[in-house]
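Down below is the structure, laid out as structure tokens.
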Amino acid sequence: GAVVSQHPSRVICKSGTSVKIECRSLDFQATTMFWYRQFPKQSLMLMATSNEGSKATYEQGVEKDKFLINHASLTLSTLTVTSAHPEDSSFYICSASVDPYNEQFFGPGTRLTVL
Amino acid sequence: AQTVTQSQPEMSVQEAETVTLSCTYDTSESDYYLFWYKQPPSRQMILVIRQEAYKQQNATENRFSVNFQKAAKSFSLKISDSQLGDAAMYFCAYRTGTASKLTFGTGTRLQVTL
């Protein structure tokens, strides 16, 4: 099956700093990538959808200036959490798809802890 | 807005037995897809099975099968011959045919006992 990687798997940062998370499709070209957030013992909530070469579409309630998404190539999307605060601590998961309507393949997730 | 409801926060099954996880959804769309995802302790989301709404036949993948009741908007997952490796969180998810967004239910934690 298609493989999606995320880096880093865990990150701890101080409040006020910015953190970048990478999502890569390793063996296919992903026109569309998705970013989810999962709080402990809760479900996945879609944060934004990004299509290669265009601006991301954010879900209602997600601050686009705080969660910067870049999808500059068909194999890489990045999520930057700017000026992170403890309430941003969560598990961030990306998924990738060859097109918006095809199966999404999920990355292993990134655990962000903001102190 | 579409919603997905999983009413069983936790389920338990003995090894080799059968268990059914429930899922209901609400939509006014006629073209949509339903999915069951497994999230083991590693947190890696894995697609278990998918069902296209236009198909009357229930999807089956080895030991996993669904009972898709379109009129009742119900989409349950049956796991036969349960194995220890089936222990995980199971999420039901929905997507319309014209959008890419997946809407997930709240999940059911499945325990498999010896």
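List of remarks:
- When the residues of region B:28-48 are filtered to those that are of a type outside the set (S, T, N, Q) and outside any strand (DSSP E or B), the one that is least open to solvent (accessible area, probe 1.4 Å) is B:Met45.
- Only listed residue being more than 20 Å from B:Pro9 (Cα to Cα), open to solvent by 80 Å² or more (accessible area, probe 1.4 Å), touching a Leu at 6+ places or on another chain (Cβ under 7 Å) and free of Cβ contacts under 8 Å to residues at least 60 places away in the same chain, chosen from B:Lys70, B:Lys101: B:Lys101
- Meets criteria (without any contact (Cβ under 8 Å) to a residue 12 or more places away in the chain, more than 24 Å from B:Thr113 (Cα to Cα) and touching a strand residue (DSSP E or B) at 6+ places or on another chain (Cβ under 9 Å)) for B:Ala59: yes
- Of the residues making up region A:48-59, just one is under 29 Å from B:Thr5 (Cβ atoms), away from every other protein chain (no Cβ under 11 Å) and either of a type in the set (Lys, Arg) or open to solvent by less than 40 Å² (accessible area, probe 1.4 Å) (or both), namely A:Ala56.
- Segments classed as strands (runs of 3 or more DSSP E), wholly inside region A:5-76, with at least 1 members that are in contact with an Asp or Glu (Cβ under 8 Å, 6 or more places away or on another chain): A:32-38, A:44-51, A:67-73
- Region A:28-44 residues that are on the phi > 0 side of the Ramachandran plot, paired with ones that are assigned to a strand (DSSP E or B) and open to solvent by less than 60 Å² (accessible area, probe 1.4 Å) (beta carbon under 8 Å, 6 or more apart): none
- Residue identified as within 11 Å of chain B (Cβ to nearest Cβ), over 17 Å from B:Ala99 (Cβ atoms) and in a loop (DSSP other than H, G, I, E, B) among A:Ala84, A:Ala2: A:Ala2
- B:Phe91 falls short on exactly one of the conditions (1) touching a residue at least 40 places away in the same chain (Cβ under 8 Å); (2) within 14 Å of chain A (Cβ to nearest Cβ); (3) open to solvent by 10 Å² or more (accessible area, probe 1.4 Å); (4) not aliphatic (A, V, I, L, M), and that condition is (3).
- Among (1) within 11 Å of another protein chain (Cβ to nearest Cβ); (2) surrounded by 14 or more Cβ atoms within 10 Å (Cβ to Cβ); (3) at negative phi; (4) at pLDDT below 95 - the single one B:Gln2 does not satisfy: (1)
- Count of region A:88-103 residues, restricted to those that are open to solvent by 10 Å² or more (accessible area, probe 1.4 Å) and more than 17 Å from A:Ile21 (Cβ to Cβ), is 6.
- Of all residues in region A:100-111, those that are more than 7 Å from every other protein chain (Cβ to nearest Cβ) have Cβ atoms under 9 Å from Cβ atoms of residues that are modelled with pLDDT under 90 and open to solvent by less than 30 Å² (accessible area, probe 1.4 Å), 6 or more apart or on another chain, in A:Asn102/B:Ser100.
- Residue list for region B:73-86, restricted to those being open to solvent by 20 Å² or more (accessible area, probe 1.4 Å) and more than 20 Å from B:Thr5 (Cα to Cα): B:Ser80, B:Asp81, B:Gln83, B:Leu84, B:Gly85
- Look at region B:1-15: where a residue is assigned to a loop (DSSP other than H, G, I, E, B) and a partner is of a type in the set (D, E, K, R), sitting 6+ places away or on another chain with Cβ atoms under 7 Å, you get B:Gln2/B:Asp26; B:Pro9/B:Arg109.
- Within region A:60-72, restricting attention to residues that are under 18 Å from A:Ser97 (Cβ atoms) and open to solvent by 40 Å² or more (accessible area, probe 1.4 Å), the residue that is modelled with the highest pLDDT is A:Asn70.
The values are calculated or read from the model by the stated rules, or taken from the named source; none is laboratory data. All figures in this text were calculated on a predicted structure; none of them were measured in a lab. Positions of Cβ are backbone-derived with ideal geometry, glycine not excepted, and every protein chain shown enters the neighbour counts. Each accessible area value is taken on the protein alone, full model and side chains, heavy atoms only, with ligands, DNA and RNA left out. Shrake-Rupley method; radii C 1.70, N 1.55, O 1.52, S 1.80 Å.
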